[in-house]
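Working notes for the structure below.
Every read-out reported here was derived from the displayed coordinates using simple, explicitly stated rules and does not represent laboratory data. Every value quoted in this text rests on a predicted model; they were computed, and no experiment measured them. Counting neighbours? That spans all protein chains shown, and the Cβs are built from the backbone with ideal geometry, glycine included.
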Amino acid sequence: MPRKTFFTLLFTLFVSLSNLLCQSNISDTFEYDDSGNCVLKYKTVILGPSYAKKKQGNQNTDTIQAPLQESLLGERKLTIYPNPTKGVLKIEITGKALENQGKYIVTDLSGKVLMSGIFESMSFPVDMTQLPQGGYFIKLMIDNKQDIWKIIKE
């Protein structure tokens, strides 16, 4: 077997195995209008097999530590967890300090606004306990930049 073919097969095998062993995969998804303009960008999180360990305790209080999900928004790093959530979503921003108030909007999958708010701190909760189980989008807007995440409520 030629050396080039061997290394190509080896690389393909490595990429396939690394994809199988990853705990989660975050990808950007874009939606376009009829003119080809990007009208929506959101994060899709694909959870793989969980290698997380349960905390010891009685059966009613066992929790699983989910991996953190992060994204860059300009000079800031956004961390949103836990996703999926049972109610309270925590959002942390690190990097450059906020110059102005930020804003968040929670919508259902059809785009209907369900809740919104303003934040001034680098860490804040979003209480989704009153929302039914399902999928949602949360849009974060900071200094004329925005990022959209898909959130699962259990």
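Answer yes or no: is there a residue in segment 90-99 that is farther than 16 Å from ILE142 by Cα and in contact with a Ser or Thr (Cβ under 8 Å, 6 or more places away or on another chain). Within segment 90-99 (the criterion being farther than 16 Å from ILE142 by Cα and in contact with a Ser or Thr (Cβ under 8 Å, 6 or more places away or on another chain)), the answer is yes, since at least one residue qualifies.
When residues in segment 97-126 are screened for being surrounded by fewer than 15 Cβ atoms within 10 Å (Cβ to Cβ) and either β-branched (Val, Ile, Thr) or part of a strand (DSSP E or B) (or both), 9 of them pass.
Among residues of segment 109-131 that are over 15 Å from VAL88 (Cβ atoms), those with a beta-carbon under 6 Å from a residue that is assigned to a loop (DSSP other than H, G, I, E, B) at least six positions away or on a different chain give the pairs ILE118/GLN101; GLU120/GLN101. Looking only at residues in segment 127-139 that are part of a strand (DSSP E or B) and in contact with a Ser or Thr (Cβ under 9 Å, 6 or more places away or on another chain), the one that is surrounded by the most Cβ atoms within 10 Å (Cβ to Cβ) is ILE138.
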